[in-house]
Amino acid sequence: MADGGEKGGDATGTVGKALRVLDAVSDFGRPVRFGELLDQSPFPKATLYRFLQTLTAEGMLAYDPDRQTYAPGLRLVRLAHAAWAQASLAPIARPHLDRLSADLGETVHLAQLDAAQVLYVDKRNARDPIPMFSSAGKVGPAYCTGVGKAMMAFLPEPDLDRVIAQQSFHRFTPNTLCTADALREELAAIRARGYAFDREEHEPGIICVAFPVLTGGQRVLGAVSVTSSTQRTSLAALEGHAPAIARTAAAVAQEATSWRFPETGTA
């Protein structure tokens with residue numbers, strides 16, 4: 001079913017356009033008014049309004065008539081919970097992350113690739129928490145985060161080419177890798193080493209060591225990282241935790257491979 005009026009083409013049709021509206025509402029991080037959505041929407045006013053009405057009627061969005069705002073609906077929450085339970089590594093990894101966090105006392109992340117970005121699916125705060133971008137459910141860049149680079153380094157070449165082509169290469173800090181060539185050189189070093197660093201590449205003062213979660217066939221399932229601040233420790237000291245992080249990533253991979261992500265069968 002086609003739906004005209006959009007600025008530019010969209011090969012995914014009506015469903016894809018509706019999902020873009022859902023993304024737009026959720027990206028605000030708060031209840032949002034129609035006018036705010038329209039200001040950023042590629043759709044004409046009538047088309048956007050029709051999508052919002054349909055999504056609200058289906059429970060994917062919730063409308064507050066008093067404030068005249070839209071927010072993610074309870075049906076979307078149920079679907080998100082089902083996806084978290086059935087498709088993410090989080091339920092499998094939980095005891096392993098708990099153990100690593102208790103042993104090290106630093107921030108622990110579990111992430112998976114969402115298209116060409118990093119999706120943080122779980123997080124354990126340090127004993128003495130420090131403010132940082134990441135939180136469970138949040139999406140971040142792949143090219144300048146430890147977990148992102150750890151996963152990218154072990155992708156098959158065609159997948160890696162596709163993911164690199166979709167990176168924004170925005171410079172967040174003076175240490176951010178801002179070209180595809182620089183990133184590829186870094187990924188080669190990560191493959192040789194077996195794990196990745198974040199050298200204050202996404203946030204000033206934030207450093208991490210990240211290991212990929214790989215099946216026995218070297219298929220990338222996700223990544224585990226331990227993160228801290230340069231005010232509290234050094235990257236060299238953080239690297240001292242590499243054996244513990246490696247054991248955690250291997251334990252998650254073994255359990256995930258045998259239970260939810262087998263090497264054979266439909267991927």
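Just so it is clear, none of the values below were taken in a lab; they were calculated from the coordinates. The structure displayed is predicted, hence computed values, not measured ones. So basically every Cβ, Gly included, is an ideal-geometry build from the backbone, and we count neighbours across all protein chains shown.
Things worth noting here:
- Listed from fewest to most Cβ neighbours within 10 Å, the set 170, 202, 109 follows the order 170, 202, 109.
- Here the Gaussian network model covers the chain, with springs between Cα atoms less than 10 Å apart; of 136, 196, 62, 62 fluctuates the most.
- Rh by Kirkwood over Cα pairs, then Stokes-Einstein D for the stretch 88-259 at 1.567 mPa s and 4 °C, µm²/s: 83 µm²/s
- Given 13 as the ceiling on other Cβ atoms within 10 Å, longest exposed-site-free region of the chain for GluC sites (Glu not before Pro) in DSSP loops: 59-262
- Residues 21, 209 in ascending order of nearby Cβ atoms (within 10 Å, fewest first): 21, 209.
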